[in-house]
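Notes follow once the structure below has been shown.
Read-outs: derived from the displayed coordinates by stated rules, not from any lab. All values derive from a computational prediction rather than experimental measurement. Note that we place each Cβ from the backbone using ideal geometry, even for glycine, and neighbour counts take in every protein chain shown.
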Amino acid sequence: MKKQFGDNLWRHTVAISVSLFALFPLYLIIISSFNPTGSLKITSFIPSSFSLVNYEKLFNDPTIPYLVWMKNTVVISSVVAVVSVVIGASAAFAFSRLKFKGKKTGIQFLFLVQMFPAILALSAVYVIMERVYKFAPTIGLGTQPGLLLVYLGGAMGVNIWLLKGFVDSIPIDLDEAAKVDGATAMQTYWQIFIPLAAPILAVVSLLSFIGTFNEFILARLFLVDMNSRTVAVGLQGFIGGQYSENWGAFAAGSIIASIPIVIIFLSLQKYIISGLTAGSVKG
Amino acid sequence: MKINFYLPKILKYITLLLVFSLLLLIIQSAIATREFQIAIFLVLALILIAITYLSSISVPLKFFLPGILFLTAFVIAPILYTVVMSTFKYQTGNYISKEESIERIKLLATTPDESGTTFDIVLGKYDNQFAVLASNPIDQQYFISTPTNKINIGIDQVDIDENGVALKAPNFDAATVLESSELDQQYSTIRFKYEGDYFILLEGSSVGAVVRQSFNYNQDADRFENLIDDQVYTDNGAGNFANINDPEDVLQPGWRSPIWFSHYMDIVRNEKVRDPLISVFIWTVVFASLTVLTQFGLGLLVAMAMNKAIRGRKIYRSIFILPYAMPSIMSILIWAGMFNTEFGAINTLFNSEIAWFQNPNFSRFAVILVNLWLGFPYFYLITSGAMQAIPGELSEAAQIDGATPRQVFSRITLPLLLKIVSPLLVASFAFNFNNFNLIYLLTGGGPRNDLDGEVAGATDILISYTYRIAFGTNVQDLGFASAISVIIFFIVATISLFGIRKSKVLDSFS
C-alpha cells in the first residue's frame, strides 16, 4: 500500500507541476483581461478587482477595429476552409478511386512539395503578387482576395492524407454498383462520395479553418491596411512595442479570438490526434 | 427528374462561363501592362480548363485541375522563381528592369542652371496640353510653358496675387488646388520648355526649377555620357551604370541584373556574409534539436505519469491539451508580454529584473521555454498513444525474468517507443527548423546590435534571418534572401527524405 502511495505521489507531483506550467499564461491572460488598469504590470497574482473595461475598449475604441478584424478572419478562414476542402476531396477521391498513369509519381510529388513551408518562397510570392497588383489591383499584393489565392496554393496538399485515408475506408462496392448503373465518375463523386464523406469533410474544413486562423506571415505581408487585417495581424500590430499600455485590451481580444478555436480543437481532438500520427504537425 | 438531370449541367456551364470571362479579363489587362509571363500562364490555364471540362479526354484531370492550377501558381512557380531570383542582384536600388532604370536615370539626371533659377508655378492646361504658368515676381517675368512651347506674357495680361505670383492667364486653364495635388505626380515627370537646352522640372506642385539634361544615354553603345564633365558610365554587369574611371561611382537607380552564382559564392567566400549565416545556422540546428528533445522529454514524462488510472487523470489530461488547443500566435504574444523586463509576470513572479530579450542567452532560454510550453502536449498525446500500442506482454515477460522497472523502461519501452515516434521526431525537427512565428513574434530574432548594422540576431533562425534580409532592413535584398531559401530547401528536403525513408510512408502509396 505504501509503495502504491509512493508511485501515485510522483505521478501527481509531475501532473500538478506541469499543470501549473500549462495554466500559468492562461490564468495570467484571463486575470489581465479583467484588470481595470489594463496594464501589463500586475501587483498581485490574485485579482483584487473585476472590470469589463478592457472588453468595452475593444468594441468601442475606434482605433481598434477589432470586430472588423474578427469578420476578416472568419471570412478568409471560411472561404479557404470550404474551397480547399473541395479541392482536397476531389484530389483524394481521384487518387483513391481512379486509375491513371503516373498516379504513384503524382502522389509522391505532392507529398514532397507540401513539405516545404510556403514561407520559404515568400520573396517570390511577394514579387509575383506585386506584379499581379499592377494589372489587377483587386487580387494582387495587399488585398484579401490575393491572400486567399495564395492560401489556396496549398489546398491540394495539406489535407489530402486525412481525406485519402477516409476515401480508402469507404467500401468500393458502392462505386462499382453505381458504375454498373451507368454513373460517370463525376456522378459517383457528387452523389455517393460527397454525402458519405460529409462529416469528415466538415472536420477537415474546421481543421483548415484553424490552420488559416493561425497563419501569420503571409497575412502580415499582405494585409497592410488597418481595416483589412486578420485578428492575429491586427492584435500583433496593436500590441507591437506597447505592451504596457495596450495589454488589457490585447488580453481581452486574444481571449475572445481564442475561445472558438479552443472549442473547435477540443471537440475535434479525436481526429486531430489521428491526423497527428499520420505525420502532420499543427502550426 | 428532368430538372435533376439538367441542373448540374447548367451549373457547370455557368461556372465555366464565369471562370472564362474572369480569366479573359485578367489576361487582357496582364497583356496591356506587358506582364507576358503571367499572361502566358493564364492562357494555358484557360486552355486546360476548356479542354478538361468541355471534353472527356481525361476524367482524373477533371478532379485534379483546380488543385493543380493553384499549386502551380502559388507553390511550384514561386519555388522555381526563388531559384531564378537567387541568381539575380535583386534588392533595394536594383529592383526594376534595365529599361525602367534607363528611363529613370534619364529623368533624374538633370543639373540646374548656374544661377539656380526657380519659378513659382501654377499647374494647368494650355491648348489642351499639360502646361504650367510660371512667374518670377521680382523681375515681373511671366510665361506659360508646355512640353513644346514657351509663351511669354506681359504683366498686364495676368492676374497676380499679393506676392506677385500669376494665378490666371489668357487661354490658360488653371487646375484647382485639389486637382493640383492629384496632378502633382503626373506633372513631375514632364519637361516644360524653357530656353535652349534648359527646361523646367517641377519641385513639388508650386515650384519649378530651370534645369538641363546632364546625362545622355547612348543607345548604340549602351552607356551614359555626362554632358558636363564628359565622364562615361557603362553597364558594370552588376546592375548599374558605373563610371569607367571610378567603378564606385554608379548611377542610381540600378536594375535587377543576373549575377549567376555570386550570392552563393559570397556565402562561401565572403566572411561578412558567411560568418553570420553560419552562426544563425548553428543556432537553428541547436534550437530545433533542443526543442524536439525538451518537448519529447516532457511529453514522455507526462505520458508516463498518466500511464495509470490515477485520480483526476481526465482533468489533468484536459489541462495538458490546453496549450496545444490555444491558437499559437496568441500564446506566443502572451508569453512575449510575460517576459517584459519592467512589467512582465515572470520577473514579478520571481522578483527578478532580468532583461530577457536584451541578453542573447536569456533570449535563447526564453525561446526554448515557450516552445516547450507550446509543443509538449503534442508529444504527450503521441507518446501516450504509442505506449498503448506497445504490447503489455513484453514488459510482463521481462518482469518475470527479473528485470527492474527501470530496466523494463530503458530496454523495452523506450526503444519500442522511439521506433514508433522517430518519424514524428524528424517531422517536428523539420517543422521547428522553420518555426518562423515563434521567433518573429517572441524575440523578433533579437537581440542584435543594430548600431553595427547587424542583421542576424542571437535568436534568429535561418527562416527569420531570411525574412529580415528580404523585408526587414533598410536594404531589402530579395536576391540574397532567395539564395538562402534555396539552401534551406535542400536542408529541409534532406531531413524530410530521411524521415520518409524511416517511416516508409511513401511505400504506402503504391
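Distances between every pair of Cα atoms in region B:252-357, grouped in 5 Å steps from 0 to the bin holding the largest one, split as 2, 9, 9, 10, 13, 15, 11, 9, 8, 6, 4, 2, 1, 1, 0 percent.
Only helices at least 20 Å long along their axis, Cα-based, and averaging 0.0 or more on Kyte-Doolittle count here, so list those DSSP H runs from chain B. Helices meeting the span and hydropathy rule in chain B are B:2-32, B:36-54, B:271-305, B:360-389, B:414-433, B:478-503. Using only Cα coordinates, the Kirkwood hydrodynamic radius of the protein assembly as shown works out to 30.9 Å. Kirkwood-type hydrodynamic radius, region B:378-510: 18.2 Å, calculated from all non-identical alpha-carbon pairs.
Here's the picture: charge each Lys and Arg Cβ at +1 and each Asp and Glu Cβ at -1 in chain B, and of B:Ile38, B:Asn307, B:Ser135 the one pushed furthest to the positive end of that dipole is B:Asn307. If you take the Cα centroid of region B:330-390 and the Cα centroid of region A:183-262, the two points sit 24 Å apart. Peptide A:49-62 is shielded by partner chain Cβ atoms: per residue, an average of 0 of them sit within 10 Å of its Cβ. Each Lys and Arg adds +1 at its Cβ and each Asp and Glu adds -1 at its Cβ; summed about the Cα centre, the protein assembly as shown shows a dipole of about 5340 debye. Placing unit charges on the Cβ atoms of the charged side chains and taking the dipole of the protein assembly as shown about its Cα centre, the candidate lying farthest along the positive direction among B:Pro112, A:Ser39, B:Val421 is B:Val421. With a simple spin-label model that places each label point 7 Å from the Cα along the Cα-to-Cβ direction, the separation between B:Ile310 and B:Asn226 comes to 8.0 nm. Pull out the extension gain between B:Ile10 and B:Asn236, defined as 0.36 nm times the separation in residues minus the alpha carbon to alpha carbon distance; nm, one decimal. Stretched fully, the B:Ile10-B:Asn236 segment lengthens by 75.3 nm. At full extension, B:Leu80 and B:Tyr264 could sit 64.6 nm farther apart than now, given 0.36 nm per residue minus the alpha carbon distance. Subtracting the Cα-Cα distance of B:Ser58 and B:Thr341 from 0.36 nm times their residue separation leaves 95.6 nm of extension gain.
Roughly speaking, what % of Cα-Cα pairs in chain A are separated by over 25 Å, rounded to a whole number?
Numbers: 24067 of 39903 pairs.
Result for the distance tail: 60 percent.
Note: relative contact order over chain A, using C-alpha pairs below 8 Å and six or more positions apart, is 31 percent.
Pick out which of A:Trp161, A:Trp247, A:Trp190 has the largest mean-square fluctuation in a Gaussian network model of chain A, springs linking Cα atoms closer than 10 Å. In the Gaussian network model the winner is A:Trp190. For region B:381-462, GluC sites (Glu not before Pro) meeting the loop criterion (DSSP other than H, G, I, E, B) and having at most 15 other Cβ atoms within 10 Å: B:Glu454.
How much net charge surrounds B:Asp159 when only the other residues with a Cβ under 15 Å from the Cβ of B:Asp159 are counted, with Lys and Arg +1 and Asp and Glu -1? Residues close to B:Asp159 contribute a combined charge of -4. Backbone amide hydrogens, once placed in the peptide plane, bring B:Val207 within less than 5 Å of B:Ile121, excluding anything fewer than 5 places away on its chain. Within region A:1-66, the proportion of C-alpha pairs whose separation exceeds 14 Å stands at 69%.
Its relative contact order, with pairs defined as Cα atoms under 8 Å and 6+ residues apart, puts region B:375-510 at 18 percent.
Model label sites at B:Leu418 and B:Gln388, defined 7 Å from Cα along the beta-carbon direction, differ in position by 2.5 nm. Legend: mean number of C-beta atoms from other chains within 10 angstrom of residue C-beta atoms, peptide A:126-138, equals 5.
Based solely on its DSSP helices, what 222 nm [θ] is calculated for chain B when runs of n ≥ 4 H residues each add -39,500 (n - 2.57) and the sum is averaged over all residues, nearest 500 deg cm²/dmol?
For chain B, the value works out to -17000 deg cm²/dmol.
Note on chain A: GNM, Cα springs under 10 Å; of A:Val203, A:Val224, A:Val262, the largest mean-square fluctuation is that of A:Val262. Note on region A:1-137: with charges restricted to the Cβ of Lys and Arg (+1) and Asp and Glu (-1), its dipole about the Cα centre is near 840 debye.
Rounded to the nearest 0.05, the FRET efficiency derived from the C-beta distance between B:Leu48 and B:Leu369 at R0 = 51 Å is 0.50. Based on the convex hull around the alpha carbon atoms, region B:437-493 presents an average projected area of 4.0 nm². Peptide A:217-226 is shielded by partner chain Cβ atoms: per residue, an average of 2 of them sit within 10 Å of its Cβ. The alpha carbons of region A:126-271 stretch over 68, 43, 19 Å along the principal axes, in descending order. In summary, region B:382-460 shows an alpha-carbon radius of gyration equal to 1.84 times the 2.2 N^0.38 Å reference for compact globular proteins.
The mean sequence distance of close C-alpha pairs (under 8 Å, at least 6 residues apart), as a share of the length of region B:310-428, puts its relative contact order at 20 percent. Rg over Rh for chain B works out to 1.13, both radii taken from alpha-carbon positions and Rh defined as the Kirkwood radius. When chain A is treated as a Gaussian network with alpha carbon springs shorter than 10 Å, the biggest mean-square fluctuation among A:Ile261, A:Ile16, A:Ile30 belongs to A:Ile16. Extending 7 Å from Cα along the Cβ direction at A:Thr37 and again at B:Phe490 yields two label points whose distance is 5.5 nm.
Shown here: region A:149-192, whose C-alpha atoms stretch 40, 21, 10 Å along the first, second and third principal axes, sorted largest to smallest. Please identify which residues in region B:414-451 have an amide N closer than 16 Å to a label point set 7 Å out from the Cα of B:Ala397, following the Cα→Cβ vector. B:414-417, by backbone N distance to the label point. Placing a label point 7 Å from the Cα of A:Val74 along the Cα-to-Cβ line, the residues of region A:205-232 whose backbone N sits under 13 Å from it are A:231.
From the C-alpha gyration tensor of region B:194-240, pull out the three semi-axes of the equivalent ellipsoid (sqrt of 5λ each), sorted largest to smallest, in whole Å. For region B:194-240, the semi-axes come out at 27, 14, 8 Å.
Qualifying chymotrypsin sites (Phe, Trp or Tyr not before Pro) in region B:329-399, where qualification requires a DSSP coil assignment and no more than 11 other C-beta atoms within 10 Å, comprise B:Phe350.
Calculated [222 nm] ellipticity per residue, helices only, for chain A: -22500 deg cm²/dmol; basis is -39500 (n - 2.57) per DSSP H run with n ≥ 4, divided by all residues, nearest 500. Counting only Cα atoms, the size of region B:146-205 along its three principal axes is 32, 30, 21 Å, in decreasing order.
Residues in region A:38-50 carry Karplus couplings, in order, of x, 9, 5, 6, 10, 7, 9, 7, 9, x, 9, 9, 10 Hz; the curve used is 6.51 cos²θ - 1.76 cosθ + 1.60 with θ = phi - 60°, and Gly or Pro positions show x. Placing a label point 7 Å from the Cα of B:Gln186 along the Cα-to-Cβ line, the residues of region B:28-67 whose backbone N sits under 20 Å from it are B:33. About the centre of its Cα atoms, region B:296-383 shows a dipole size close to 620 debye [charges on the beta carbon of Lys, Arg (+1) and Asp, Glu (-1) only; nearest 20 debye].
Positive-end ranking of A:Leu23, A:Ile255, A:Gln114 along the dipole of chain A, with charges on Cβ about the Cα centre, is headed by A:Gln114. Loop sites by DSSP among the trypsin sites (Lys or Arg not before Pro) of chain B, restricted to those with at most 13 other Cβ atoms within 10 angstrom, leave B:35-307 as the longest stretch without any of them. By the Kirkwood approach, averaging reciprocal distances over each pair of separate Cα atoms, region B:139-241 gets a hydrodynamic radius of 16.4 Å.
Of the residues A:Glu130, B:Glu114, the one with the fewest other Cβ atoms within 10 Å heads the list, and the complete ranking is B:Glu114, A:Glu130.
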